[in-house]
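Let me begin by presenting the structure, written as C-alpha cells, before commenting on it.
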Amino acid sequence: VQAFDFIIVGAGSAGCVLANRLSKASNGKNGARVLLLEAGKPDTHPLMRIPAGFSKLYRSQFDWNFSTNPQTALRSRSLYWPRGKTLGGSSSINAMIYVRGHRQDYDGWQLPGWSYDEVLPVFKQMEDFFAGPSHYHGAGGELRVEPAYATGLTDAFIEAGQAAGLAHNPDFNGASQDGVGHFHTTIRGGERWSAADAFLKPVLGRPNLLTMTGVQVERVIFEPDGGSQRAVGVAYKLNGIEFIARAEQAVVLSAGAVQSPQLLMLSGIGPADHLRQHELEVVFDAPNVGQNLQDHLALPVIYRAQNTNTLDGADNPLQLARYLWNKSGPLASNIAEGGGFVRLAPNAIAPDLQFHFAAAFFSNHGFDKAKGQMFSIGPTLLQPESRGSIRLRSNLVTDAPIIDPCYGQAPIDLLILRAGLRLAREIAASPPLAGLQRGEFQPGADKNSDSALLEYVRRSCQTIYHPTSSCRMGLDSGSVVDERLAVRGVSGLYVADASVMPTVVRGNTNAPTMMIAEQASRWLLGQ
Ligand SMILES: Cc1cc2nc3c(=O)[nH]c(=O)nc-3n(C[C@H](O)[C@H](O)[C@H](O)COP(=O)(O)OP(=O)(O)OC[C@H]3O[C@@H](n4cnc5c(N)ncnc54)[C@H](O)[C@@H]3O)c2cc1C
C-alpha cells in the first residue's frame, strides 16, 4: 500500500491537467502527493506528433477500439468508437480542433461556477493563443493554440460558404460562433500539442507526482465514515498481483465518458438492480450513473476535385521530407482544417449544426478508400435530443462496457443531419467551390428525395468522437456529481472529465474537458 493525497484515474485530457495543477507547489507550500494512473502505454508513436496522421492511430494499441451495440434507427449498425489509450488520452489521437462551445452551452447548464462569464477566464488562463491576449484569448498558458494549416480547397470552402449566405467567422471562440472559417488547433509549430504535451510532460520530474502507465484501475476502495462511505483509494493489478494505493484527500476519476461510469459501477455506485445483476455490492444506489449519454453524429457529402490540390498524397516522400525538415506542408494539416456553425431550426438560440471540411476523401473514419482527388463536407449534429447509456457487460474492468448511444431515437436528430446535407450541397454549388469540383461522389446527386437522403443518414452517419454526459453534473439529487464534481452519496470521490457535462457543448469537446479539469483542481485545492 502506498499513500498519496490525490489519486487521478486516467491520464487523458482531464487527467493531465489535474496532475499538473494538483501537484503544483504554491504559497511556499510543497505540492500535494499525486498518483496518476493510466491504463495505456506512453505516447511515443511518431504518428502522434504528425497532425495529418491521427486516423492512422485508429485500432492501434493506443485506441480502446470500442463499438456501440446495434443502433436500431441506424439500420442496426454497430458504430466504431475510438478512444485514446495512452498519455494524453483522446487528445493524443484526436483531430486537434480547438473549439470551446457556445456561450449558451455554459449559461444553459444553469450551475453556479459554470456560466460562460465564469468559464471564459479559465479557458484564457490555460491558453497560449498564437495572436496574443485579447478579451477572448489568453497568452502564456500551457495550451498552445495555432491556426490550422490550410489547403486552398479549405479557403474555397469558406468563400463558398459566404457565397451561400453564411457569415465569415475568423474566430469560433470569439464574440460569435456562427459562420464559416478556419479552425484553430492545439498544434505547436506543426506538431500535435496534446494534454500530455501541454500539462503533463513539463512536470513529470516533480518528486511529488508519480505517473504510472499500463495500469488499469479496477475499482475505488471505500471505508465507512460516519453514516456513509468514504473513497480512500483504488485497486489495480500489475502482473496479476493486486495493489492498493491510498488517497488521503480524494480520488478523482478522469477515465472519460465511457470508463468513468464503468468504474463508478464497478465500485458499487450505480443503478442498484444493474449492479446486483453483476454480483456487485451496492455502495450507493445511483440510478443515473451511465445514463444521459450524448454524442455528435456526422456524415460526409463527398465531391470529386477538379485539380490535385487535396490532401491526397500528403504523405508522399517529398511532403514527408518537407515535414521532417521544418514541420510544414500538408502533413502539418489536421485534415479538418475549416468548417462552420449554422442555425437550421427557425428559432434556434444558437447553432444546431457544425460543418467539418476536409480537402480529402473522408468516409467511415478514413477506413474506406477511393481512387482520385476528393473533398468532403461533414454536417455534424450539435444538440442531439437522443439520450443513451453506458452499462456494464460484466463485473470485469477488462470487459468493455455496453455502449448504447440510442442514436436517432429522437427522429429530429436525423432530420437535422439531412437538412445539413442539403446545405452542404448548396455550399459546394457556390463559387469558388463549384468550379473546383467535378460532381458529387457520395451519396450521389441522384439521391435527392427526402427518403433517399434520410436513408443515407441512417446508413452512413458516424460518431465525430464527442461522447459526454454519462456522469451528469447537477444540483438535483438525481445527478451523478454535484456542481463541484463530488460524487453524490459518498465522500472523497470526484469525477472530472467529459462525462460530467450536463449536455454536450456545441462544438468539439477537448478544450471544454480540459477547462472542467482546471475548475476541478481549483476546488480540490480549496481555491
Ligand atoms: C479520434 C478522435 C478525434 C477527436 N477530435 C477532436 C477534435 O479535433 N477536437 C476536440 O476538441 N475534440 C476531439 N475529440 C474529443 C476529445 O479528444 C475528447 O472529448 C477528450 O479528449 C475527452 O477527454 P477525457 O479526459 O474525458 O477522456 P480521455 O482523454 O479519453 O481520457 C481518458 C483516459 O483514461 C484512461 N483510462 C480509462 N479507463 C481507465 C482505467 N480503468 N484505469 C486507468 N486509466 C483508464 C484512458 O486510457 C484515457 O487515457 C476527438 C476524440 C477522438 C477519439
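All of the numbers you see were taken from the coordinates with simple rules; none came from a lab. Keep in mind it's a predicted model, so treat the numbers as computed, not measured. In this analysis, Cβ positions are derived from the backbone assuming ideal geometry, glycine residues included, and neighbour counts consider all displayed protein chains.
Rounded to the nearest whole angstrom, the semi-axes of the ellipsoid equivalent to the range 309-377, taken from the Cα gyration tensor as √(5λ), stand at 31, 15, 8, largest first. The packing ranking of peptides 83-89, 294-300, highest mean first, is 83-89, 294-300, where packing means the average number of other beta carbon atoms within 10 angstrom of each residue. The peptide list 154-161, 480-487, 114-121, 11-18, put in order of mean Cβ contacts within 10 Å with the highest first, becomes 11-18, 154-161, 480-487, 114-121.
Here, the range 468-510 has an Rg and a Dmax of 10.3, 33 Å when only alpha carbons are counted. Excluding same-chain neighbours fewer than eight residues apart, the aspartates and glutamates reachable from Lys371 by a Cα-Cα span under 17 Å are Asp312, Asp315, Glu440. Note on the range 434-491: Rg/Rh from Cα positions, Kirkwood definition for Rh, rounded to two decimals, is 1.39. Less than 5 angstrom separates the built amide H of His296 from those of Ile464, Tyr465, His466, all sequence-distant by 5 or more or on a different chain.
Multiplying the residue separation of Ala167 and Leu204 by 0.36 nm and subtracting their alpha-carbon distance yields 8.9 nm. Rounded to the nearest whole angstrom, the semi-axes of the ellipsoid equivalent to the chain, taken from the Cα gyration tensor as √(5λ), stand at 38, 25, 21, largest first. Asn292: net charge of surrounding residues, Cβ under 10 Å, Lys/Arg +1, Asp/Glu -1, itself excluded? Combined, the nearby Lys, Arg, Asp and Glu give +2. Among Phe357, Phe130, Phe172, the ranking by other beta carbons within 10 Å of each residue's beta carbon, starting with the fewest, stands as Phe130, Phe172, Phe357.
Taken about its Cα centre, the chain carries a charge dipole of roughly 940 debye when the Cβ of each Lys and Arg holds +1 and the Cβ of each Asp and Glu holds -1. Computed from the C-beta positions of Ser76 and Met212 and an R0 of 35 Å, the FRET efficiency is 0.30 to the nearest 0.05. Reducing the range 90-162 and the range 332-410 to their Cα centroids gives an inter-centroid distance of 19 Å. Sequence-distant contacts, meaning Cα pairs under 8 Å at least 6 residues apart, place the relative contact order of the chain at 22 percent.
Report summary: the helix-based calculation at 222 nm, which adds -39500 (n - 2.57) for every DSSP H run with n ≥ 4 and divides by the residues of the chain, gives -6500 deg cm²/dmol. A simple spin-label model places pseudo-atoms 7 Å from Cα toward Cβ; at Glu118 and Ser394 they are separated by 4.3 nm. Bridging of Lys41 to lysines at a Cα separation below 28 Å is possible for Lys24, Lys56, Lys85, Lys201, Lys237, Lys327, once same-chain residues fewer than 8 apart are set aside.
Placing dummy labels 7 Å off each Cα toward the beta-carbon, the span from Ile402 to Ala150 is 4.8 nm.
If you look at the Cα atoms of the range 63-129, you get an Rg and a Dmax of 16.9, 45 Å.
Paramagnetic label reach from Trp523 (point 7 Å along Cα→Cβ; backbone nitrogen cut-off under 18 Å): within the range 115-151, residues 115-123. Equivalent-ellipsoid semi-axes for the range 384-514 (Cα gyration tensor, √(5λ), whole Å, largest first): 39, 17, 13.
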